[in-house]
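Trainee: I am attaching a structure below and will ask some questions about it afterwards.
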Amino acid sequence: MTMKHTLLLFATLLMLVPVGAQTSELTVSKIMRDQSTWIGSSPNRPAWSEDGEWLYFNWNPGGEMPSDSLFKVRAAGGDPIQVTPEERRGVRATFSGWGHGTGEYSADWRHKVFESSGDIYLLDRTTGDLKRITITNDREASPRFTADGRHILYQDDGNAFVRALDTGTVRQLTDLREGQERDRERPKNAQDSWLEKQQLELFDVLRAEAAEREAREEAREREQELAAADRPPVHYYGSGQVSGLEVSPDLRYATFFTSESTRPTRTIVQDYVTESGYAEDLNARSKVGVESSPRKFFVQDLESGDVVEVDMTTLEGAYDVAPAHLVDEGVEVDSSKARSMSAVGPFWSGDGKHAIVQVYVADNKDRWIASLDPATGALRVLDRQHDEAWIGGPGVRSFFGGGSAGWLPDNRTYWFKSEATGFSHLYTVDVVTGNLRQLTDGDFEVFGVEVSRDAKRFYFTSSEGSPFERHFYRMPIAGGARTRLTDEPGNNAVTLSPREDRAAIMFSTTTRPTDLFMMPFGRPATRVTSSPTEEWLAYPWRTGEMIEIPASDGVMVPAQVFRPEEPNGGAVLFVHGAGYLQNVHRWWSSYSREYMFHNMLTDLGYTVLNVDYRASSGYGRDWRTAIYRHMGGRDLQDYVDASKYVGTEYGIDPERVFIYGGSYGGFITLMALFNEAEHFGGGAALRSVTDWAHYNHGYTANILNTPVTDSLAYARSSPINFASGLEDPLLMAHGVIDTNVQYQDIIRLAQRLIELGKEDWELASYPVEGHGFQKPTSWTDEYSRILKLIKETVGPNRFR
C-alpha cells in the first residue's frame, strides 16, 4: 500500500470516529449486574440483645450466604461472628425492640412478652429465662401486660383473653358474635295470643302445667346466670366484620370497630410468562374513588356488658363546609350532614385510666387527637390539625408506636407529631388539663422518636442543621437544648442499646453504601462491617455538588449536579419517583443503579442533575403540598427551571437536555415532553402513571381528591390528556406484571399516541417484571435503550 493510500485510509477512519468521543470504564451491563456480588451486600436489621452485651444483624458478605444470615458482635467491640443455626433458632426472641414489633415490656422493664409463630412467650430480662405461654393450633396475637403487671392480655380468633402469670388461669374477656340475638320464643300474632289466653282461662290443667313450666324456666335461668357470672358478656354486632379489638390495661373496657363487608371492583394484571404455559391473572388493587365502608366505633363495659357507640360527629369541625375543590366543581354539599369520619385507637395509658383516639375525615384534611371517656363514649379534643391540602409529613399520619406517638410513664402525658408550624415537630399534651406543648421548632423535620427507659429523655433523628443529612439527638423530656450524638455527614440510622450508652449506626454517604458502625456515646464510632467489593471500590465514585436552582416563583430548589471534566454540551435530568421522596442528600441513594449510571454519563461528558422538586420529602409542609390539585404543575416547572439553569450556568442548549425517571419520575417526564417540549430534547418514561384516575386511592385521593369530586384536578394532571404535544423522541418502558402502576396505563397511552399519528416514540415491555425490576437482564436492556436514546438525542454526535 502506498503512502498516499495509507493517508487516505487514515483520514477515512478519522471521519468515522465520533467527534469529542469520551469513554468510561463503566458499562450498562457492568452496572446492572447482580448488585450483591458487584457492589456488595449491606447489613440490615440490627438488634441488641436484651442485656445489651451483643449486637445482632443480618449480613451476606460476598453475596454467597443466605440473604438473612445472622451475625453478632460484642458491644465492647471485636470482629463479627456468624451465628450458628442452633443459636439462631432461639436468639431472635431475646432481641431488644423497645416494644415496637418485637414485643411489649412490663412497666419495670423486667419482662417482655411477645408472639412468635402464633404462640406467646414470656422473657425474664434479668435471668434470661424464656417461657412458652401458649402451645395451640390457634394463632394468638397482640400480647401485652395488664396495668398490674400480673396478667398477659392477648387475642385469639377475634376475641380477647387474659392469662394470670401466677396460676396460668386463662379467662375470656369478650364474646363478639356475628348476627342478632334470637328471642327464646317465637312471637305470636294477635289471633294466636287470644286463643292461648282463652285456653288458660278455661282449663285448670293447662294453667297448672304453665305454672310448673314457668318455675322450671326461672330455675334454669338462675343456674345459667350463676354459671355465666365469670364468663364474658355476649355481644351480637350484626352483619359485617369486627376489627381493631382492644382491651384497657385495667380489664374494664373493650373497644372495637365494625364495618360492612364490601367488595370494591379490583383490577387484574395478566402474567404471560408462566410455568403452566397459560396466561394467569394477578389480582391487584382497586382504583381511586372507590368508597370504603365506614367503620363504627364501640366501647363495651366488661362488667355490665353494656355497649355504647362513639359518636365522632361531636368533634368540632365535623360539619365544616366543603373544601374549595367542591365549590369549583359546583358540587352541592348538605351542611346538615357530617363529614365521613374514621377513628384509630384507642391507645391506652399504662394504668388504663386514659385513652387517646386519633380521628380522620375521609378527605384527609383534618386530624383530631381526642381523649375518650369509655363509660359514655364521649370524645374531648386535645389537638386538631387542619390542612386545606392533606394531612401528612413524617410521622404525622402514623399511629401509636413506631416512633410517631406514645405515652410517657406518668400515664397522663401523650406525645405526638404535628405539622402545624409547617414542619413535622414533637409535641406533648396533658390529657387531664389539656395543656399542649411544642418541644421542637425550626425549619427541619423530626423522625423516629423514642423515650428513654427512665423517662428523662427523648431520642430522635432529625434533619436539623442540613436537609441533606440525618443525625441522632437527645433532648430532656420537657424539651429544651438538643444534643447531637452523631458526627459524620451522611445518614445515621441509629438503633439504641438497651443500656442507652451506645448506638448501632447504619451509616452511609453519597459514595459508600450502608455499613454498620458501633458508637459508645462520647467516643468515635468504629466500623463493624465493610461490605463494598474491591472491584466496586476501585472506581472513583462522585459525590456531586449541592446547588440551588432559582425557580420561576422565586423559590430556590435543591439539586445535586455531577459535572464532567470535559463537558460534551449535553445534560441529563433525573426525576426521582414516589413523589414524596428525597434524592438530593449526602447518603447512599435508594437509586443505586441510577447513581452509577449517572457516574458513567458524567464520564461520557454529560452534565447530570438530581432535583428535589416540589412535593419531595424533607422540606416541610409547603414543599410537600405544592402539587395539590395539580400534579405536573409546580413540580414540572422546577424541571423547566432546571433546564433553563443548565443553559444559563453551563451553556447547554435546551435541545441538548434529556429528562428521564421512573414511576412518578416517568409521569413528570411525560408531562415535560407533552407540555414543555421547547425545554427538552428527548426523554425516557419508565413505569409511568399516564392517567391518575387509574391509580390507587390512598396516594392519589390525598393530592387530587377523587375523579367524581374534582375532575379538573385529574384532567390537568394526567399525561394522556396532553399526548398531542409530543414533539421529541420518547422511550416508554414498563413491566407487564406491574400491579402498582399497571401495564394498562402505558397501553392506553400507546393507543392514544397511535390515534394521534405520533411517530417518534417507542414502547419497551418487560414480561417478567413488576414495578421494581428484579432481573439484571431487564435492567441492562432498559438502560441500554436509555443510553442509546441519550446519545441519539442530546449527545455530541446526535446529527452525525
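Trainee: Answer yes if at least one residue in the range 521-541 is open to solvent by 60 Å² or more (accessible area, probe 1.4 Å), β-branched (Val, Ile, Thr) and more than 23 Å from His585 (Cβ to Cβ), and no otherwise.
Mentor: yes
Trainee: Ile668 - would you say it is touching an Asp or Glu at 6+ places or on another chain (Cβ under 8 Å), under 22 Å from Ile720 (Cα atoms) and either in a helix (DSSP H, G or I) or without any contact (Cβ under 8 Å) to a residue 60 or more places away in the chain (or both)?
Mentor: It is true that Ile668 is touching an Asp or Glu at 6+ places or on another chain (Cβ under 8 Å), under 22 Å from Ile720 (Cα atoms) and either in a helix (DSSP H, G or I) or without any contact (Cβ under 8 Å) to a residue 60 or more places away in the chain (or both).
Trainee: Please enumerate the residues belonging to the range 342-355 that are in contact with a Pro (Cβ under 9 Å, 6 or more places away or on another chain), assigned to a strand (DSSP E or B) and within 17 Å of Thr146 (Cα to Cα).
Mentor: Those that are in contact with a Pro (Cβ under 9 Å, 6 or more places away or on another chain), assigned to a strand (DSSP E or B) and within 17 Å of Thr146 (Cα to Cα): Pro346, Trp348, Ala355.
Trainee: Give me the pairs: first residue in the range 255-284 and basic (Lys, Arg), second residue surrounded by 13 or more Cβ atoms within 10 Å (Cβ to Cβ), beta-carbon distance under 6 Å, and six or more apart or on different chains, which are they?
Mentor: Arg266/Ser286
Trainee: Right, another one. Could you go through the range 760-783 and let me know if any residue there is at pLDDT 95 or above, among the hydroxyl-bearing types (Ser, Thr, Tyr), closer than 25 Å to Gly605 by Cα and part of a helix (DSSP H, G or I).
Mentor: Yes, that holds for at least one residue.
Trainee: Further question on the same structure: So which of Asp351, Asp373 ends up being free of Cβ contacts under 8 Å to residues at least 12 places away in the same chain and either of a type in the set (D, E, K, R) or closer than 28 Å to Asn705 by Cβ (or both)?
Mentor: Selected residue: Asp373, the only one of Asp351, Asp373 that is free of Cβ contacts under 8 Å to residues at least 12 places away in the same chain and either of a type in the set (D, E, K, R) or closer than 28 Å to Asn705 by Cβ (or both).
Trainee: All but one of (1) of a type in the set (Lys, Arg); (2) surrounded by fewer than 21 Cβ atoms within 10 Å (Cβ to Cβ); (3) touching a residue at least 24 places away in the same chain (Cβ under 8 Å) hold for Arg470; which doesn't?
Mentor: Here Arg470 clears every test but (2).
Trainee: Could you list, ordered by first residue, the pairs with Cβ atoms under 7 Å in which the first is in the range 621-642 and touching a residue at least 60 places away in the same chain (Cβ under 8 Å) and the second is basic (Lys, Arg), at least 6 apart or interchain?
Mentor: So the pair list comes out as Ile627/Arg614; Ile627/Arg634; His630/Arg716; Arg634/Arg614; Asp638/Arg614.
Trainee: What's the total number of residues in the range 127-173 that are part of a loop (DSSP other than H, G, I, E, B) and of a type outside the set (Lys, Arg)?
Mentor: Residues that pass the stated criteria total 22.
Trainee: Right, next: Has the range 269-277 got at least one residue that is modelled with pLDDT under 85, part of a loop (DSSP other than H, G, I, E, B) and over 28 Å from the mean Cα position of the chain (by Cα)?
Mentor: Taking every residue of the range 269-277 in turn, none turns out to be modelled with pLDDT under 85, part of a loop (DSSP other than H, G, I, E, B) and over 28 Å from the mean Cα position of the chain (by Cα).
For (1) under 25 Å from Glu115 (Cβ atoms); (2) open to solvent by less than 60 Å² (accessible area, probe 1.4 Å); (3) touching a residue at least 60 places away in the same chain (Cβ under 8 Å), each residue gets a yes or a no:
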{"position": "Pro143", "(1), (2), (3)": "yes, yes, no"}
{"position": "Ile152", "(1), (2), (3)": "yes, yes, no"}
{"position": "Gly158", "(1), (2), (3)": "yes, yes, yes"}
{"position": "Val162", "(1), (2), (3)": "yes, yes, yes"}
{"position": "Leu165", "(1), (2), (3)": "yes, no, no"}
{"position": "Gln191", "(1), (2), (3)": "no, no, no"}
{"position": "Leu195", "(1), (2), (3)": "no, no, no"}
{"position": "Gln199", "(1), (2), (3)": "no, no, no"}
{"position": "Asp204", "(1), (2), (3)": "no, no, no"}
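Trainee: Any residue in the range 301-309 that is among the charged types (D, E, K, R) and open to solvent by less than 40 Å² (accessible area, probe 1.4 Å)?
Mentor: yes
Trainee: Could you list, in sequence order, all residues of the range 63-99 that are surrounded by 13 or more Cβ atoms within 10 Å (Cβ to Cβ) and modelled with pLDDT under 70?
Mentor: Within the range 63-99, Met65, Arg92, Ala93, Thr94, Phe95, Ser96, Gly97, Trp98, Gly99 meet the criteria.
Trainee: Under the condition of being open to solvent by less than 10 Å² (accessible area, probe 1.4 Å) and among the small types (Gly, Ala, Ser), which residue from the range 634-662 is nearest to the chain's Cα centre (by Cα)?
Mentor: Selected residue: Gly662.
Trainee: Condition first: open to solvent by less than 20 Å² (accessible area, probe 1.4 Å) and either modelled with pLDDT under 90 or closer than 15 Å to Ala504 by Cβ (or both). Now tell me which residues in the range 41-62 satisfy that.
Mentor: Pro43, Ala47, Trp48, Ser49, Glu50, Gly52, Leu55, Tyr56, Phe57, Asn58, listed by residue number.
Trainee: For residues that are surrounded by fewer than 16 Cβ atoms within 10 Å (Cβ to Cβ) and acidic (Asp, Glu), scanning just the range 758-791, find the one that is nearest to Tyr743 (Cα to Cα).
Mentor: Checked the range 758-791; the qualifying residue nearest to Tyr743 (Cα to Cα) is Glu762.
Trainee: Please identify the pairs in which a residue from the range 56-68 that is closer than 13 Å to Ser531 by Cα and part of a strand (DSSP E or B) has its Cβ atom under 7 Å from the Cβ atom of a residue that is among the acidic types (Asp, Glu) and modelled with pLDDT under 75, counting only partners at least 6 apart or on another chain.
Mentor: Asn58/Asp68
Trainee: Restricting the first residue to the range 571-588 and requiring it to be more than 19 Å from Arg542 (Cβ to Cβ), which pairs with a second residue that is of a type in the set (Val, Ile, Thr) meet a Cβ separation below 8 Å and a spacing of at least six or different chains?
Mentor: Every condition considered, the pairs that remain are Val575/Val611; Val575/Ile659; Val575/Ile668; Val575/Thr669; Gly579/Ile627; Gly579/Ile703.
Trainee: Scan the range 593-618 residue by residue and report those that are among the hydroxyl-bearing types (Ser, Thr, Tyr) and either more than 20 Å from the chain's Cα centre (by Cα) or buried (at least 23 other Cβ atoms within 10 Å of the Cβ) (or both).
Mentor: Those that are among the hydroxyl-bearing types (Ser, Thr, Tyr) and either more than 20 Å from the chain's Cα centre (by Cα) or buried (at least 23 other Cβ atoms within 10 Å of the Cβ) (or both): Tyr595, Thr602, Tyr606, Thr607, Tyr613, Ser616.
Trainee: Hey, another quick one. When you look at Glu464, is it under 24 Å from the mean Cα position of the chain (by Cα), more than 14 Å from Gly620 (Cβ to Cβ) and either open to solvent by 40 Å² or more (accessible area, probe 1.4 Å) or free of Cβ contacts under 8 Å to residues at least 12 places away in the same chain (or both), yes or no?
Mentor: No, not satisfied.
Trainee: Quick check on my filter: what residues within the range 742-800 are under 19 Å from Glu594 (Cα atoms) and of a type in the set (Phe, Trp, Tyr)?
Mentor: Tyr766, Phe773, Trp779, Tyr783
Trainee: Can you name the residue in the range 711-722 that is out of contact with any Pro (no Cβ under 8 Å at 6 or more places or on another chain) and buried (at least 22 other Cβ atoms within 10 Å of the Cβ) and is also farthest from Arg687 (Cα to Cα) among such residues?
Mentor: So the residue we want is Ala713.
The values are calculated or read from the model by the stated rules, or taken from the named source; none is laboratory data. In this text, all values refer to a predicted model and were calculated from it rather than measured experimentally. Using ideal geometry, Cβ is built from the backbone for each residue, glycine included, and neighbour counts are taken over all protein chains shown. Side chains included, ligands, DNA and RNA excluded: accessible areas come from the protein's heavy atoms. Shrake-Rupley method; radii C 1.70, N 1.55, O 1.52, S 1.80 Å.
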